[in-house]
Amino acid sequence: MRRIAQSLAAARDKFVPFEDGPANIEVARRARMVVSVSATAMILGPAYVAVFWYFGYTLMTICATLTSVALLTTPIVLRQSRSVVLAGNLLSLWLFAAVTLYSFSMGGLGAPGTLWHCSFPIVGFALASFRSGVFWTSAAIIEIVVLFATQRAGWLRPPVSLSEESLQWIGLSSDLGLVLIILVFTLAFESQKNAALERLSAANRELEKANEEVREASRAKSEFLANMSHEIRTPMNGVLGMARRLTKSELAPEDERVAGIIRRSAQALLAILDDVLDLSKVEAGQLTVEKGPTDPRSLIDDTVELLSGAARDKNITLTTEIDDTACRMIESDPVRLRQVLVNLVANAVKFTEVGGVDIRLVSSPARGSETQPRVRFEVTDSGIGIAKEHQATIFDVFTQADASTTRRFGGTGLGLAISARLVELLGGAIGVDSDLGRGSTFWFEVPGDDPTSAEIEAAQDSRGIALSERHILVADDDPINQEVTVAMLREIGCIVDTATNGLEAVATLRPQKHSLVLMDCQMPEMDGYDATRAIRETERNDPSRPRMPIVALTAGALPEDRRVCLDSGMDDHLAKPFTIRQLHDVVKRWSLYRGDPKSAKPARQAGSHRSDSQAAGHN
Ligand code: ADP
């Protein structure tokens with residue numbers, strides 16, 4: 001029975017594809033309604049006849065009234081519209097009369113016609129809905145059994161005897177009526193199905209058009225973001241680099257203050273740009289993490305170093321507590337973890353007027369299939385706190401606890417959303433415990449997996465190498481950016497040669513002298529990609545020539561930009577504006593692995609578009 005009901009339900013779905021779109025659902029609801037109500041009447045018909053035979057008109061009237069109530073309430077329960085209910089009931093009434101007459105005239109409820117009637121509601125209800133089908137099928141079976149038993153016992157006799165001819169006419173008209181009903185149903189279904197199909201394909205066409213528009217808009221948005229990011233990053237590199245040089249030079253106190261403001265403002269602008277780019281990556285599902293050996297303690301040190309000035313300015317304390325049992329080295333993404341921690345601590349400082357902020361590193365039990373305990377960072381502040389009802393939504397994009405927060409403290413409402421996504425990508429969890437007016441504890445934890453010992457060695461190796469005497473070739477057509485890079489390289493002890501385009505770079509490069517090329521991508525005459533291809537070609541033709549590490553210095557900060565650089569033969573990619581610390585890491589890493597690029601894992605810090613200006617303070 002179940003299989004029959006299932007195949008009927010499948011047939012219904014095929015015959016009446018009403019599942020999509022509100023208009024089609026409405027059509028389907030009406031169709032089901034008509035079938036349900038009429039089928040109810042038909043299954044109840046024989047029951048009325050039985051009641052009439054045994055107990056007379058009074059009880060039958062009561063039963064009919066009860067049935068009418070049921071007929072009226074069922075559609076209401078099913079939330080049908082009133083006009084459908086009315087139409088269904090009128091139809092039921094007619095069906096009821098037809099079935100009663102038919103069964104009556106056929107001389108008993110055990111007659112084959114009655115059985116056939118009983119099967120019709122089963123079909124009807126199975127078409128209407130699977131659950132009703134099962135229910136009414138059971139009801140019909142019980143009814144058939146009872147009626148047969150009654151018939152067998154000989155209790156049931158037709159109360160009136162009609163002539164043979166009358167019986168034939170009644171039977172004929174009843175059958176004709178049923179055939180007509182089926183015909184009307186079929187036609188109604190067919191026309192509704194066609195109308196629904198027409199609406200469906202119109203809706204599909206609309207949807208397809210809307211989809212195309214969305215895809216186009218999304219492509220345009222990504223393109224715009226990439227262009228905007230590129231265009232802003234190039235001058236930002238100049239602003240930040242020059243502001244940095246200015247703050248390092250001897251200045252009158254007032255000028256020093258002004259230079260500091262310029263630098264901090266540029267860093268803030270860059271942080272927003274990074275967040276917007278990250279958000280667009282979250283939306284495009286392109287936000288990625290790159291795991292490597294990570295020292296949780298050094299992340300805390302970096303964060304404190306970066307934000308202690310801001311805490312001092314606000315006269316609040318910034319303290320740390322490090323649990324000795326927490327893992328020393330984990331396999332995670334240091335850049336992204338620092339981004340999350342900096343965001344939480346910067347928020348804590350921002351939203352605290354009195355008291356202080358405490359950063360804790362503790363060990364947390366392993367979860368699920370993890371073998372190592374987790375590493376948990378907790379940032380507790382004595383600031384404004386967050387009301388319970390806002391705590392669940394602050395991790396959503398553009399969400400701030402309340403509108404007055406924006407007015408009072410500023411902010412974009414992006415930081416926590418991006419942090420939550422990053423922690424999730426790193427296999428961890430993030431959360432908050434907070435009391436309004438009393439302060440908050442933001443926490444996040446990540447798996448404390450062990451990095452391989454080779455990776456730790458590589459990380460430590462590159463840390464211990466002195467940079468002095470490294471001879472670097474910088475190819476950049478923008479004089480300001482070139483000046484910034486050269487000044488930073490000199491500051492970390494390198495000797496620098498310069499070129500203003502790709503052709504010049506290829507001509508100036510001396511494999512025995514230079515340990516690394518820092519290559520801008522877009523340059524006149526010959527761009528950085530072609531220059532790299534030319535250098536790689538020469539290396540291929542001359543096996544005795546060592547492979548030269550080439551790192552792109554470009555304002556293109558998206559993963560696609562990085563891919564284009566690597567595809568052209570470059571080894572790594574450092575997005576502008578970069579910090580001296582990032583530049584330092586890149587030079588250490590790549591000049592160390594000269595001639596054997598496979599042994600140098602691209603420095604995550606170098607590959608990240610995130611300027612890390614917050615984390616490193618562009619120092
Ligand atoms: P932004 O700080 O740029 O507005 P975030 O996503 O970092 O964006 O934070 C979202 C909101 O969460 C903030 O606007 C603020 O309402 C609330 N919030 C975050 N950190 C704290 C905190 N330490 N104390 C109180 N409220 C906070």
- Query: With every protein chain kept in the model, how would you rank 263, 490 by accessible area, 1.4 Å probe, largest at the top?
  - Reply: 490, 263
- Task: Could you list the GluC sites (Glu not before Pro) in segment 316-362 that lie in coil according to DSSP, counting only those with at most 15 other Cβ atoms within 10 Å of their Cβ?
- Result: 353
- Task: For residue 290 and residue 545, calculate 0.36 nm times their separation in residues minus their Cα-Cα distance, and state this gained length in nm to one decimal.
- Result: 88.6 nm
- Query: What ratio of Cα Rg to 2.2 N^0.38 Å holds for segment 343-395?
  - Reply: 1.43
- At a probe size of 1.4 Å, how large is the accessible area of residue 221, to the nearest 10 Å²? 90
- Extension gain, residue 369 back to residue 308 (0.36 nm per residue minus Cα-Cα distance, nm): 18.2 nm
- Query: How much length is gained if the chain between residue 392 and residue 208 is pulled fully straight, taking 0.36 nm per residue apart and subtracting their Cα-Cα distance, in nm to one decimal?
  - Reply: 62.7 nm
- For residue 500 the rounded accessible area (nearest 10 Å², probe 1.4 Å, non-protein molecules ignored) is 60
- So which GluC sites (Glu not before Pro) in segment 186-266 pass both tests, a DSSP loop state and at most 13 other Cβ atoms within 10 Å of the Cβ? 250
- Message: How charged is the neighbourhood of residue 506? Take every other residue with its Cβ under 12 Å from the Cβ of residue 506, and add Lys/Arg as +1 and Asp/Glu as -1.
- Response: -3
- Solvent-accessible ranking of 425, 436, 337, largest area first, probe 1.4 Å: 436, 425, 337
- Provide the solvent-accessible area of residue 262, counting protein heavy atoms only and rolling a 1.4 Å probe, rounded to the nearest 10 Å². 80
- Would you please name the trypsin sites (Lys or Arg not before Pro) within segment 297-343 that are DSSP coil residues with at most 12 other C-beta atoms within 10 Å of their C-beta? 328
- Message: Check which residues have an amide H placed less than 5 Å from residue 495's amide H, if you skip close sequence neighbours.
- Response: 469, 470, 471, 472
- Go ahead and run the numbers for FRET between residue 215 and residue 522, Cβ-Cβ distance against an R0 of 30 Å, rounding to 0.05. 0.60
- Label point distance in nm, residue 153-residue 264, each placed 7 Å from Cα along Cα→Cβ: 9.7
- Note on the structure: Total charge of the residues flanking residue 423 in space, meaning their Cβ is under 14 Å from its Cβ, with Lys and Arg +1 and Asp and Glu -1, is +2
- Which pairs in the list 513/588; 291/314; 281/314 are over 26 Å apart, alpha-carbon to alpha-carbon? 291/314; 281/314
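The values are calculated or read from the model by the stated rules, or taken from the named source; none is laboratory data. Worth saying up front: this structure is predicted, and the values here are computed from it rather than measured. Methodologically, a virtual Cβ is constructed for each residue, glycine included, from the backbone with ideal geometry; neighbour enumeration extends over all protein chains shown. Only protein heavy atoms, including side chains, enter the accessible area calculation; ligands, DNA and RNA are left aside. Shrake-Rupley method; radii C 1.70, N 1.55, O 1.52, S 1.80 Å.
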